[in-house]
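Following: one structure in structure tokens, then a few remarks.
The values are calculated or read from the model by the stated rules, or taken from the named source; none is laboratory data. Predicted, not measured: the structure shown is a model, and the values here were computed from it. A quick note on method: Cβ atoms are made from the backbone with ideal geometry, for glycine too, and the neighbour counts reach across all protein chains shown. The area values use the complete protein model at the heavy-atom level, side chains included, leaving out ligands, DNA and RNA. Shrake-Rupley method; radii C 1.70, N 1.55, O 1.52, S 1.80 Å.
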Amino acid sequence: MGANSLTITDNRTGKEYEVAIEDGTIRAMDLRKIKVSDDDFGLMTYDPAFMNTASCKSRITFIDGDLGILRYRGYPIEQLAEQSTYLEVAYLLLHGELPNEGQLKDWKWDITHHTFLHESIKMVMDGFNYDAHPMGMLIGTIGALSTFYPEAKDIFDEECRKKQIYRLLAKVATIAAFSYRHRKGLPYAYPDNDLSYEGNFLNMMFKTTEVKYEPNPVLERALNVLFILHADHEQNCSTNAMRSIGSAQTDPYSAIAGAAAALYGPLHGGANEAVLRMLREIGSIQRVPEYIKRVKEGEFRLMGFGHRVYKNYDPRATIIKKVAYEVFEVTGKDPMLDIALELERIALEDEYFVKRKLYPNVDFYSGIIYKAMRFPVEMFPVLFAIPRASGWIAQWQEMLLDPEQKIARPRQIYLGADERDYVPMEKREKTSAVSA
Ligand code: CMC
């Protein structure tokens, strides 16, 4: 088989096997031939949480966790954050190349002209309780979109897919803003097609009595950068959920609702919300050392720190920190920034964090910026979901068009009871008065 292979000796049988190495990986299915007998199922790999398993081949996002590198379609995140716009990045993620002038114009037009919600979708949103978490509303409402666009099931029709992509990218921002307005008891502010994607989102969030909402350009630009940084992050928990649900050929609205549900968790997109609650709980710089001590004793984790892939500074956190200062020029500095800076300073010097390669991640500073921009804490995961929709769709489309992909269905190691006979109720052990 040559140099690009692995020779495995099975010490149970003394047999030798050769397995090809391609792109630094071996195919798990190649291990199946390693058996102790003809009726043996064959060797499997055990990898809870996918710590060392590639689930797909992708051409979208590249991360080098040790070097702190993030690129979309080859373009460094720093260059995109500096020079691009979120909608252009969304195009890049989906199409593989930056758009030319005409393509970008059409792309913007198509998305801008799908921002309105069907009035019945608005009524679906009205049905949520007055204090419903906006992320729960977002998940539920995106799922409900599949009932409004049943044709979206036609996932292998390119034109149909395109239409759903415009709708999803456009409506996710409208639903996000409406979920905030619903919670506040404010009338919904309808989309304004004259504004940029981010400017319109700010309009739908914060417009009150003014005839025309005019977004602050610094805040609009900051949101644009935050959206670019959050647009994709290869095979993270929610993207894996998107691909997994999509692999059953589910419509994209239902699949995105599932991906958003994964994002909601405090270890993923819910982390920015958790960071702010943590900073509130710490309350002052003086209390930082005590808090770090409790983290080291294993009482809880330092939210916004650590990453499965980055074992160096998260490049997104570096960019965000810079944006934070630009935003504070407009909004005034948030006192929580000082607590965050002190936490970061102490953690980066502390052996516990250094040894485990725990650095601030994207969520460490994003929450402080969002707060300064007047977004309530509950909106933070929603603000993550809006741009991540473009990454989810790009990854979903790549999965659909990949001839190697099939319905996702992991194996398990069964460790439960062996076969046994059903026990009738009268023969079962009585445990307590309540259950008796
Ligand atoms: N604070 C304190 N200790 C930590 C932290 C933390 N934030 N993260 C990891 N550790 C410790 C962990 O206890 C373990 O220590 P030990 O070896 O002594 O048992 C070691 O570091 C390795 O942790 P792990 O849980 O095996 O690492 P993981 O790759 O499974 O987890 C993570 C990655 C992001 C879930 C985790 O670092 C974490 O829970 N961070 C806090 C939540 C957070 O900020 N999430 C946002 C991630 S970035 C945005 C996104 O992509 O969603």
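Tell me, what % of the accessible area of the chain is carbon and sulfur with a 1.4 angstrom probe?
Here carbon and sulfur together make up 52 percent of the probe-accessible area.
What do you get for trypsin sites (Lys or Arg not before Pro) in segment 30-122 restricted to DSSP loop and a cutoff of at most 13 other Cβ within 10 Å of the site's Cβ?
For trypsin sites (Lys or Arg not before Pro) across segment 30-122 that sit outside H, G, I, E and B with at most 13 neighbouring Cβ atoms in 10 Å, the list reads 57, 59.
Rounded to the nearest 10 Å², what accessible area does residue 125 show when all protein chains are kept and the probe is 1.4 Å?
Accessible area, nearest 10 Å²: 0 Å².
Which value, to two decimals, describes the C-alpha radius of gyration of the chain once divided by 2.2 N^0.38 Å?
For the chain, the normalised Cα radius of gyration comes out at 1.11.
Spelling out what I want: for every residue of segment 251-265, take phi, set θ = phi - 60°, compute 6.51 cos²θ - 1.76 cosθ + 1.60 (Karplus), and round to whole Hz; glycine and proline get x.
5, x, 5, 5, 5, 5, 4, x, 5, 5, 5, 5, 5, 4, x
Within the chain, what's the longest stretch lacking chymotrypsin sites (Phe, Trp or Tyr not before Pro) that sit in DSSP loops with no more than 10 other Cβ atoms inside 10 Å?
Answer - 157-413.
Report ³J(HN,Hα) in whole Hz for each residue of segment 183-188, in order, from the Karplus equation J = 6.51 cos²θ - 1.76 cosθ + 1.60 where θ = phi - 60°; Gly and Pro get x.
These are the phi-based 3J(HN,Hα) values: 5, 7, x, 9, x, 5 Hz.
Mind listing the phi-derived Karplus ³J(HN,Hα) values for segment 363-379, rounded to whole Hz, using 6.51, -1.76 and 1.60 with θ = phi - 60°, and x for any glycine or proline?
7, 5, 9, 4, x, 5, 5, 4, 5, 4, 7, 6, 7, x, 3, 5, 7
With a 1.4 Å probe and all protein chains left in place, how much accessible area per residue does segment 5-50 have, in Å²?
On a per-residue basis, segment 5-50 sits at 73 Å².
Counting only residues 5 or more places away or on other chains, whose amide H sits under 5 Å from the amide H of residue 69 once H atoms are built in the peptide plane?
64
Scan segment 125-228 for GluC sites (Glu not before Pro) in coil per DSSP, keeping those whose Cβ has at most 11 other Cβ atoms within 10 Å, and list them by number.
Of the GluC sites (Glu not before Pro), the ones in loops of segment 125-228 whose Cβ has at most 11 other Cβ atoms within 10 Å are 210.
Just in segment 377-436: which GluC sites (Glu not before Pro) are loop by DSSP and have at most 10 other Cβ atoms within 10 Å?
Those that pass, being in a loop and sparsely packed, are 404, 419, 429.
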